[in-house]
Amino acid sequence: MLGLALAASVLGLGSCGDDLVVPTEPETQRACARAISRGYWEDGGQHNLGLRRHVCLCMTEEEYLSQSRLEELHQALLDDCLSEASSFGMDWSECQADYESEVWISGVEKGSRVTWPTPDHVVVTPPGMHLDCP
């Protein structure tokens, strides 16, 4: 009986005290950008990279507004660009130079090329890109 009473008090059953509050994780959304770059082959051929691809991370609105995870997204863009160039067997690309210039994430201001869903703008994820945010 003592065990049942102790369990009830721990769970807040039969108690008139403060309600038990279970913390919840903040809602996240997809913050996305594109690593549009150019890759080259030794024979002089070239190909545009990243035109049909998005790189996304699940972020809270606070992380998006504070840009606290912008570098993480930026690194993921570089990794994706290099991976796509490699998949085409390219001899070299402008991925590293575009990463260093921050062209993928910054237009007028830092982070301005990273999309975030708003009531007026839904971030469209291209086919094959699956990222479900909690």
**Prompt:** Do we find a residue being under 24 Å from the mean Cα position of the chain (by Cα) and either surrounded by 15 or more Cβ atoms within 10 Å (Cβ to Cβ) or modelled with pLDDT of 90 or more (or both) anywhere in the range 5-24?
**Reply:** no
**Scope the range 95-116; condition in contact with a Phe, Trp or Tyr (Cβ under 9 Å, 6 or more places away or on another chain) and open to solvent by 70 Å² or more (accessible area, probe 1.4 Å); matching residues** = 113
**For residue 62: the one exception among (1) at pLDDT 95 or above; (2) open to solvent by 20 Å² or more (accessible area, probe 1.4 Å); (3) in a helix (DSSP H, G or I)** = (1)
**Asked** How do the pairs read when you match residues in the range 68-79 that are within 13 Å of residue 101 (Cα to Cα) with residues anywhere that are of a type in the set (A, V, I, L, M, F, W, C) and modelled with pLDDT of 95 or more, using Cβ under 8 Å and keeping only pairs 6 or more apart or on different chains?
**Response** 78/95
**Message:** So, residue 44, is that one in a loop (DSSP other than H, G, I, E, B) and surrounded by 19 or more Cβ atoms within 10 Å (Cβ to Cβ) or not?
**Reply:** no
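The values are calculated or read from the model by the stated rules, or taken from the named source; none is laboratory data. Predicted model only: the values in this text are computed from it and were never measured. Counting neighbours? That spans all protein chains shown, and the Cβs are built from the backbone with ideal geometry, glycine included. Calculation scope for accessible area: heavy atoms of the full protein, side chains included, ligands and nucleic acids excluded. Shrake-Rupley method; radii C 1.70, N 1.55, O 1.52, S 1.80 Å.
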